[in-house]
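Please read the structure below before turning to the comments.
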Amino acid sequence: MDASDYDLLVIGGGINGAGIARDAAGRGLRVMLCERGDLAEFTSSSSTKLIHGGLRYLEHYEFRLVREALAERGRLLRLAPHIIWPLRFVLPHDEGLRPAWMLRLGLFLYDHLARLRALPGSASVTLPGSDFGLPLQPRLTRGFAYSDCWVEDSRLVVLNAMDARERGAQIRTRTTVEAARRDGTSWVATIRHMGTGRSEAVHAGMIVNAAGPWVSETLGHTLGLASRAAVRLVKGSHIVVRKLYEGDHAYILQQPDGRIVFAIPYEGAFTLIGTTDVPHSGEPGPVRISEDETLYLCDCINRSLRARIHPGDVVWSFSGVRPLFDDAAAKASAVTRDYVLDVSDRDGRLPVLSVFGGKITTYRRLAEHALAKLAPYRPGMKPAWTGDAVLPGGDMPGADFEGFLADLMARRPFLPPAMARRLARAYGTRTDGLLGTARTLADLGADFGEGLTEAEVAYLIDREWARSAQDILWRRSKLGLHLPPEGRARLEAYMEAKAKAEAA
C-alpha cells in the first residue's frame, strides 16, 4: 500500500466537498478528495437547479440565510455565466391560500435583502390576457413576478472539482474511504478504488466529512467518532414532461398543504416539475420517486395550469436525499436549509469537520466558513479568495454569454447553432479546448446523436472524470433526454470499450 501525505482529505464529491476542496487548494493546502461514485452522482445532481435566495424561507424567519443566498446569487452569476443565468418566476395569487399582502410583503423583503440589484425586481402582474397568464387556469387572475437564477447543478460540481485539480488537488472518483483512524501525528485513511480494487494508505492532517446523506454514517462507521449534530433525511423528487407552455418563464405554484411547487422550462422541449419533501428513513441512496410523489406533482400542475398531466406523461424523473440539519421542525418542508459545521479534534489537533445541511446556492460561503473553522489548525493558511475567482469556462468579457456565443459561432462557422449554444453553455471559454483544431464537423469524429461527438466524449473522459455513458448523458449533460436509443447504445458500447482498454 502506498503512503501519501496531505493537509486535507475531503470525503464526498458533491457540491460542498468540491467547493471545500477548491477553496482549500487555492489557499495552498495539499488536498485529496475521494468520492465513491461519480461527482454529483447523488444529491447534488437532484436539485431543482436553481440559484435562489429561497423566497419561502422568509416564512420561517430565516433572514440571514436568505440574505446570504441572495448575495451569492449575484456573485455566482458573475463567476459562472455559462452555467448560471437569470430566470423570471410568476407567482399566481391563489384565493384561500397565502393572502396577496403576504406575498407582496415577502417579495418586498426579498428585493431589499439583496444588497446589489443584479436582477430585475419584483412586480405585480395582471394574468388574464398576458403571456404569463395564458397557460394558467382562468380563476388565477393576479399574481407577482420576480427573478432568480437557473444553474446546471452537476456541472457546477464538476467545475469546482476541475478548478481544485488545477490548483493542485487530487480528485479521486469511484474511490471509497474505507476507514480512517488517528495515529500520533496524522489521520491514516485506507482508500480503495472501486474499479480496480487497489488500496492505499493516505495520511492527512485534517478531514472534511462532506458525505451528504452519509455524513452520520461516515462520522460513526468510517471515522469512529460520535456525532454532536443530527441529520434529517428528506427525499425530494422531480418529474419531467413534454413542454406544457410557451415562454421562458417559470411558475411557482402554491399548494393547499402550504408547500410550493415549481414548473420550469427545461432543455427546450420539456417542463421540469418539483419538488416533493418526503421524510426518508431508508438507505440514503440511490432513491427513486414513488407513485404517491408522482401523483402529487401531477395534481399540483392540474390545480393551476390549463394543461393536464398524469403519470403516463412523465418522460423522466429523478430523486435525491437531502441531508438537512435536524432542527426538530414538525414538517419536512419546514426543516431549515441552513448549514451547521461541526468540528471534532483531539487535544486541538487532527480535526474532522462534518457538514450538516446546506443548499447549492450557498456552497461557496459554506466552504469559506469551513476553511475559517480549520484555519486555527493550519497557521499561515492563505486568506479567502473564491469571491472573485471565476469558475472554469466563465472568464468571458463582461460575463456576457450571448456575446461570447456570437464570437464562438463567428470563429467556428461549421457548428450548427443549437450545437454551438449547447457547447458554449456547458464549457464556456473551455469550448475551444474541446474543439481543438477542428474546421469541420467531421474533424470532431463520430457523432452519437444531438451533436455529441467523439471529441466531446474524449474531453469529458480526459478532463471531467466521465467513466460511463450515464456520467455523460445525465450529469455532464442532459443529452439522455434527447438522444435516440441507438445513440445511447453506441455511446455505452464506446465507453465500455474505453474502460476495457484502460484496464488492460
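Per residue, how much accessible surface does the range 81-148 expose to a 1.4 Å probe? Answer in Å², no decimals.
50 Å²
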**Asked** What is the log10 of I(q)/I(0) for the range 20-89, computed with the Debye formula using one identical point scatterer on each Cα and no solvent, at q = 0.15, 0.16 Å⁻¹?
**Response** -0.75, -0.83
**Request:** Return one whole number: the accessible area per residue of the range 327-439 in Å², for a 1.4 Å probe.
**Result:** 43 Å²
**Asked** Over the range 265-420, what is the mean sequence separation of C-alpha contacts under 8 Å (at least six apart), divided by residue count, expressed as relative contact order in percent?
**Response** 12 percent
**Message:** Could you work out what % of the accessible surface of the range 346-475 is carbon and sulfur, using a 1.4 angstrom probe and leaving DNA, RNA and ligands out of the count?
**Reply:** 53 percent
**Fill in**
With only helices counted (DSSP H, runs n ≥ 4, each -39500 (n - 2.57)), the per-residue ellipticity at 222 nm for the chain, to the nearest 500, works out to -9000 deg cm²/dmol
**Prompt:** Which percent of the accessible heavy-atom area of the range 22-159 goes to carbon and sulfur, probe 1.4 angstrom?
**Reply:** 58 percent
**Request:** Go through Gly19, Phe63, Ser45 and say which Cα lies farthest out towards the positive end of the charge dipole of the range 1-64; charges sit on Cβ, +1 for Lys and Arg, -1 for Asp and Glu.
**Result:** Phe63
**Request:** Give me the lysines in straight-line cross-link reach of Lys243: C-alpha distance below 16 Å, same-chain residues under 8 apart excluded.
**Result:** Lys478
**Item:** Solvent-free Debye scattering, log10 I(q)/I(0), computed from the Cα coordinates of the range 402-496 at q = 0.16, 0.17, 0.21 Å⁻¹
**Value:** -0.62, -0.70, -1.08
**Asked** Where the only charges are on Cβ atoms (+1 Lys, Arg; -1 Asp, Glu), what is the dipole of the chain about its Cα centre, to the nearest 20 debye?
**Response** 680 debye
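Hey, what D do you get for the range 324-468 in µm²/s if you plug the Kirkwood alpha-carbon radius into Stokes-Einstein at 25 °C and 0.890 mPa s?
Calculated translational D: 128 µm²/s.
Excluding ligands, DNA and RNA, what is the solvent-accessible area per residue of the range 150-295 at a probe of 1.4 Å, expressed in Å²? Present the calculation step by step, with values, prior to reporting the outcome.
Details: 5530 Å² over 146 residues.
Per residue, the range 150-295 has an accessible area of 38 Å².
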**Request:** Express the relative contact order of the range 362-433 as a whole percentage, based on alpha carbon pairs under 8 Å and six or more residues apart in sequence.
**Result:** 33 percent
**Fill in**
For Trp474, the accessible surface traced by a 1.4 Å probe with all protein chains present amounts, in square angstrom to the nearest 10, to 50 Å²
**Asked** What order do you get for 385-392, 150-157 when each peptide is scored by the mean count of other beta carbon atoms within 10 Å, highest first?
**Response** 150-157, 385-392
**Item:** Fraction of the pair-distance distribution of the chain above 29 Å, Cα-Cα pairs, percent
**Value:** 52 percent
**Message:** Among Ala384, Leu272, Ser317, whose Cα projects farthest towards the positive end of the dipole of the chain, with charges put on the beta-carbon of Lys, Arg (+1) and Asp, Glu (-1)?
**Reply:** Ala384
**Request:** Using per-residue counts of other Cβ atoms within 10 Å, averaged over each peptide, order 394-404, 226-236 from highest down.
**Result:** 226-236, 394-404
**Fill in**
For the chain, averaging the sequence separation of alpha carbon pairs under 8 Å that lie six or more residues apart and dividing by its residue count, the contact order in percent is 19 percent
**Complete:** Along the dipole axis of the chain (charges at Cβ: +1 for Lys and Arg, -1 for Asp and Glu; origin at the Cα centre), the most positive-end residue among Pro417, Pro99, Leu481 is Pro99
**Request:** Report, in order of residue number, the helices in the chain meeting two criteria: a C-alpha extent of 18 Å or more along the helix axis, and a mean Kyte-Doolittle hydropathy of at least 0.5; treat each whole DSSP H run as one helix.
**Result:** 100-113
**Item:** Rh by Kirkwood over Cα pairs, then Stokes-Einstein D for the range 244-365 at 1.306 mPa s and 10 °C, µm²/s
**Value:** 93 µm²/s
**Request:** Just order 60-69, 362-371 by mean Cβ neighbour count inside 10 Å, highest at the front, would you?
**Result:** 362-371, 60-69
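The values are calculated or read from the model by the stated rules, or taken from the named source; none is laboratory data. All of these numbers come straight from a predicted model, not from anything done at the bench. Ideal geometry is used to build each Cβ from the backbone, glycine not excepted, and the neighbour counts take in all protein chains shown. Each accessible area value is taken on the protein alone, full model and side chains, heavy atoms only, with ligands, DNA and RNA left out. Shrake-Rupley method; radii C 1.70, N 1.55, O 1.52, S 1.80 Å.
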